[in-house]
Amino acid sequence: MQLKLRQLDARTEEELHRQNPWWRGRRMRPLPDFRRWPFAKLRERLLRPLAPILVLRGPRQVGKTTLLEQLVATLLDEEGVAPNRVFRVQFDELEWLRRVGPDPISRLVAWFETAIFKGDLNAAAARGEPAFVFFDEVQNLENWAAQSKALVDHTAVRMMLTGSSALRIARGRDSLAGRIQTIEIGPLRLSEIAALRGTGPLPGFQPENGYEGWGTIGFWRELVAYGEQHREHRDATFALFAERGGYPLAHREGVGWEEIARQLVETVVERVIEHDLRIGEPGRRRDPVLLREVFRLACRYTGQALHVGKLAQDIQTVQAGNVGPQRIGHYLDFLHQSLLVVLIDPLEIQLKRMRAPKKICLSDHALRAATLRERVPLVGDVDPAMSALAGHVAEGIVGAYLASMPALGVAWRPERSGKPEIDYVLTVGDRRIPIEVKYQARLDPHRDTAALRGFLDELGPRAPLGVVVTRGDQPTVDDPRIVTLPLASLLLLR
């Protein structure tokens, strides 16, 4: 069954040909040889799908578009897919798409089927020659989920979407139940930085999905040993991560930090503030100046849990007008949805969430350095005056890293009833794993593990072990239930 053709104007057709140069026998733009970790999985799922729609979700500038283009090039050059079976549309700039009219997904695919594919998409799929449709930054399109659903319900295409908004992609996922598989991508992993910068090989300890073994002390001891085994490459790579963070553009050799910092602010932070805020939920009053200030506070307080009332007070000292906590909370949620900020919920005890604020983490600590023009040393000799701040930054790195893992429960436990705060608590199956971040030169084996020991005693078999994340390799502690683990080794989990 062919889709009903909708005519497109000449300028729109020319734009589509520009985005799909292979239709005219032209080459794509040069692509990097380095491929991010999801590449192999995305390739497998395009060729052998589990669902008709494959979604790659992650913050801006982490390489989603490059991955998409690498997949297109692989289909054309390695898999032998005919050029007229591949259709790509970039939705990051919407001006030219307004000429397409309502329901642009169905209109564009209908045009592609008739003008480029020149055949019946369903008949071709039945012959084992499906078309591949790639839509980049699709969350910018209104009703993208409903349009995608209508398309795959009636047309047999292999569809891949990318998106930079957690909320808009999540809403689409809800309405596309059974038709969608989502893969999350964040900043570079240590193993990727090692490959990119030549400090490896440094493979991840457990690269595949799943959390087999996480609830056993043996798993974490093996991770400690793995980090020690790769200490030279681990430490060299972690030093690069500590200095530059995990955005790919930050690891371009020969470019100074000041230039990198300006580029991060312009292409990541300001793009969210000036672009994503403008196309957000209709009917809401939006203030880019206020959003920018809320993000600066998120940078300043990364790794900490503060009530929004305190953040509102801080903002009122630098911005005129009465800014209420509810509005600050909304802007924090917006930054979380845009994947710049990661908010960690307080732990639920007996199905009741504790009345406590969310912990604020940044998707990447380099955004803090770039925004505040303040670099916090995480390796080597740390100035005692910067030690506490380095601890907060490290705690934010741990929170964002753990929260990036799909289907892993991550929370923090506030101080309550005389019981001390726990930085993070992982939920793996029916087990709880408490984690404390002690990013300091020396670990006091009794004082610095007191909170963990209390938690383990309180929960008994449901909490079989605890982890202390440290600055460097530390001696083991006397309690056999507790593992000390350098931050650099924790980041080798994946």
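The values are calculated or read from the model by the stated rules, or taken from the named source; none is laboratory data. Keep in mind the model is a prediction, meaning the values are calculated, not measured. Here Cβ is always computed from backbone atoms with ideal geometry, including for glycine, and neighbour counts include all displayed protein chains. Surface areas here come from the heavy atoms of the whole protein model, side chains and all, with no ligands, DNA or RNA. Shrake-Rupley method; radii C 1.70, N 1.55, O 1.52, S 1.80 Å.
Can you tell me which residues in region 364-388 are over 14 Å from A242 (Cα atoms) and touching a residue at least 24 places away in the same chain (Cβ under 8 Å)?
Those that are over 14 Å from A242 (Cα atoms) and touching a residue at least 24 places away in the same chain (Cβ under 8 Å): T371, L372, R373, S387.
Between a residue in region 244-262 that is under 15 Å from T371 (Cβ atoms) and modelled with pLDDT of 95 or more and any residue that is open to solvent by 40 Å² or more (accessible area, probe 1.4 Å) and not hydroxyl-bearing (S, T, Y), which pairs come within a Cβ distance under 6 Å, given they are 6 or more apart or on different chains?
That search, which allows pairs on different chains as well, returns Y247/Q61.
In region 200-250, how many residues are of a type in the set (V, I, T) and in contact with a helix residue (DSSP H, G or I) (Cβ under 9 Å, 6 or more places away or on another chain)?
2
Scan region 361-374 and give yes if some residue there is closer than 30 Å to V428 by Cα, open to solvent by less than 10 Å² (accessible area, probe 1.4 Å) and part of a loop (DSSP other than H, G, I, E, B), otherwise no.
yes
Consider W111 carefully, then state whether it is at pLDDT 90 or above, within 17 Å of R11 (Cα to Cα) and among the hydrophobic types (A, V, I, L, M, F, W, C).
Taking the combined requirement at face value, the residue satisfies it.
From the list L151, L141, L161, L196, exactly one residue is surrounded by 15 or more Cβ atoms within 10 Å (Cβ to Cβ), aliphatic (A, V, I, L, M), modelled with pLDDT under 85 and over 26 Å from R432 (Cα atoms). Which is it?
Every option except L141 fails the conditions.
Identify the single condition in (1) of a type outside the set (V, I, T); (2) touching a residue at least 60 places away in the same chain (Cβ under 8 Å); (3) out of contact with any helix residue (DSSP H, G or I) (no Cβ under 6 Å at 6 or more places or on another chain); (4) closer than 17 Å to N140 by Cβ that A110 does not satisfy, given that it satisfies every other one.
All conditions pass for A110, except number (4).
Scan region 31-49 residue by residue and report those that are in contact (Cβ under 8 Å) with a residue 60 or more places away in the chain and either within 16 Å of G186 (Cβ to Cβ) or under 20 Å from the mean Cα position of the chain (by Cα) (or both).
F34, R36, W37, P38, K41, L42, R45
Sort out which residues of region 113-128 are out of contact with any helix residue (DSSP H, G or I) (no Cβ under 6 Å at 6 or more places or on another chain) and among the hydrophobic types (A, V, I, L, M, F, W, C), and write them in order of number.
A115, A123, A124, A125, A126
Results for (1) among the small types (G, A, S); (2) in contact (Cβ under 8 Å) with a residue 24 or more places away in the chain; (3) touching a strand residue (DSSP E or B) at 6+ places or on another chain (Cβ under 6 Å); (4) within 21 Å of P187 (Cα to Cα), shown as yes or no for each residue.
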| site | (1), (2), (3), (4) |
| --- | --- |
| V268 | no, yes, no, yes |
| R292 | no, no, no, no |
| T302 | no, yes, yes, yes |
| V318 | no, yes, no, no |
| L340 | no, yes, no, yes |
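Tell me, which residue of region 377-391 that is out of contact with any strand residue (DSSP E or B) (no Cβ under 8 Å at 6 or more places or on another chain) and among the small types (G, A, S) is surrounded by the most Cβ atoms within 10 Å (Cβ to Cβ)?
It comes out as A390.
Which of the residues spanning region 222-253 are out of contact with any Leu (no Cβ under 9 Å at 6 or more places or on another chain) and either open to solvent by less than 10 Å² (accessible area, probe 1.4 Å) or farther than 15 Å from V379 by Cβ (or both)?
Result: E222, A225, E228, Q229, R252, E253.
Within region 473-483, identify whether any single residue is surrounded by fewer than 16 Cβ atoms within 10 Å (Cβ to Cβ) and either without any contact (Cβ under 8 Å) to a residue 12 or more places away in the chain or closer than 28 Å to L306 by Cβ (or both), and answer yes or no.
yes
Just for helices (runs of 4 or more DSSP H) wholly inside region 50-142: which have at least 1 residues that are within 28 Å of the chain's Cα centre (by Cα) and β-branched (V, I, T)?
Those helices (runs of 4 or more DSSP H) span 64-77, 104-111.
Tell me whether region 449-459 contains one or more residues that are part of a helix (DSSP H, G or I) and open to solvent by 60 Å² or more (accessible area, probe 1.4 Å).
Yes - at least one qualifying residue is present in region 449-459.
What number of residues within region 306-333 satisfy the criterion of being among the small types (G, A, S) and crowded, with 18+ Cβ neighbours inside 10 Å?
Total meeting the criteria: 2.
Take D430 and decide whether it is of a type outside the set (V, I, T), open to solvent by 30 Å² or more (accessible area, probe 1.4 Å) and touching a helix residue (DSSP H, G or I) at 6+ places or on another chain (Cβ under 8 Å).
Taking the combined requirement at face value, the residue satisfies it.
Could you tell me which residue of region 396-407 is nearest to the chain's Cα centre (by Cα), considering only residues that are open to solvent by 20 Å² or more (accessible area, probe 1.4 Å) and more than 13 Å from D364 (Cβ to Cβ)?
Checked region 396-407; the qualifying residue nearest to the chain's Cα centre (by Cα) is P406.
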